[in-house]
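Beneath this line is the structure, given in C-alpha cells, with notes to follow.
The values are calculated or read from the model by the stated rules, or taken from the named source; none is laboratory data. The structure presented is a predicted model; accordingly, all values stated were derived computationally and were not measured. Here the Cβ positions follow ideal geometry from the backbone for every residue, glycine too, while neighbour counts run over all protein chains shown.
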C-alpha cells in the first residue's frame with residue numbers, strides 16, 4: 001500500500017504509525033468515492049427524463065440515508081479519538097529525556113536552514129542579534145561566551161546519529177517556514193518568536209532531503225537542505241572534525 005500511495009521511505013521509528021493512519025484514511029476515501037459514484041450513476045438512471053417527465057420539487061425521502069450519514073460521522077470520530085488523538089499525544093507530549101537525545105536548534109530564515117549544536121559541553125552559547133552577520137555568523141553566536149566556544153553551526157545540512165532520539169527546537173528569524181523531513185514523517189511550522197520542540201528517532205542511515213513546506217518568499221525554492229543520518233561512530237567523527245572550524249570561528253570573534 002505504501003508504494004501504491006506514493007509514500008517516501010520510512011526511516012523513523014514512529015513513521016509506521018503515521019503511515020497506518022494515512023492508509024486507513026485513504027481506504028475510507030476510496031469506499032466513499034465508490035459508494036457515492038455508484039449512487040450518482042443510479043440517480044442519473046433512476047430519475048432520467050424519460051422515466052419521469054415532470055419534475056418533483058419535494059425530493060425523495062429515504063430513511064437509510066440518515067443511517068449512512070450517522071455511520072460516516074461515527075467512523076470519523078473513531079479516526080480522531082482512536083487514532084489521530086493518541087498519535088498526536090504521543091508525538092507531542094511524550095518527549096524523550098534530553099540527556100538521552102541529540103539536541104539541535106533549527107533556525108529558519110529566508111532562504112536557508114541553520115542548525116545549531118550545543119557542542120561537547122551540551123550547553124548552547126549565548127546569541128545576540130547585534131552580532132548577526134549573514135555570511136559569517138547568521139545566528140549571532142557570541143564566541144566570547146565560554147558555552148559558545150564549542151558550539152557547532154551548519155547551513156542546510158543536518159547531521160544525526162542513528163537509533164537515538166532527536167529533539168529539534170524550531171524557530172524562525174523572519175517569516176513562517178515549515179520544516180519538512182519526508183523520510184522521518186516530520187513536518188512542523190517554524191514561527192517567529194516561538195521555539196517549538198519536536199522529536200523523532202531515525203532507524204536507518206542515509207541521506208534525504210529537507211524541504212520548506214510553507215511558501216515563504218520569492219525564492220522559496222532555495223530552502224532545500226539535507227539530512228545525514230550516520231552511525232554513532234561516524235557522527236562522533238564528524239562532530240570532532242568540526243572542532244577546527246569552531247576554533248577558527250572563535251578566534252575570528254576574538255579578533
- Which numbered condition trips up residue 223, out of (1) surrounded by 15 or more Cβ atoms within 10 Å (Cβ to Cβ); (2) closer than 28 Å to residue 97 by Cα; (3) touching a residue at least 24 places away in the same chain (Cβ under 8 Å)? (2)
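Any residue in the range 88-108 that is in contact with a helix residue (DSSP H, G or I) (Cβ under 9 Å, 6 or more places away or on another chain), at pLDDT 90 or above and surrounded by 12 or more Cβ atoms within 10 Å (Cβ to Cβ)? It would help to see each step written out before you state the result.
We begin by selecting, within the range 88-108, every residue in contact with a helix residue (DSSP H, G or I) (Cβ under 9 Å, 6 or more places away or on another chain); these are 90-91, 102.
Those still in the list that are at pLDDT 90 or above too: 102.
Subsequent filtering for residues that are surrounded by 12 or more Cβ atoms within 10 Å (Cβ to Cβ) retains 102.
For the range 88-108, residues in contact with a helix residue (DSSP H, G or I) (Cβ under 9 Å, 6 or more places away or on another chain), at pLDDT 90 or above and surrounded by 12 or more Cβ atoms within 10 Å (Cβ to Cβ): present.
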- Query: Out of curiosity, is residue 46 at pLDDT below 85 and in contact with a strand residue (DSSP E or B) (Cβ under 8 Å, 6 or more places away or on another chain)?
  - Reply: no
- Message: Take residue 249 and tell me if it is in a helix (DSSP H, G or I), in the same structural domain as residue 139 (by TED's automatic domain parsing), surrounded by 13 or more Cβ atoms within 10 Å (Cβ to Cβ) and modelled with pLDDT under 90.
- Response: yes
- Here are 120, 165, 138, 161: which of them is under 23 Å from residue 227 (Cβ atoms) and out of contact with any strand residue (DSSP E or B) (no Cβ under 9 Å at 6 or more places or on another chain)? 120
- Item | Hits in the range 167-188 (condition: surrounded by fewer than 16 Cβ atoms within 10 Å (Cβ to Cβ) and assigned to a strand (DSSP E or B)) | 187
- Message: Looking only at the range 177-210, how many residues end up being within 16 Å of residue 103 (Cα to Cα) and in contact with a helix residue (DSSP H, G or I) (Cβ under 6 Å, 6 or more places away or on another chain)?
- Response: 1
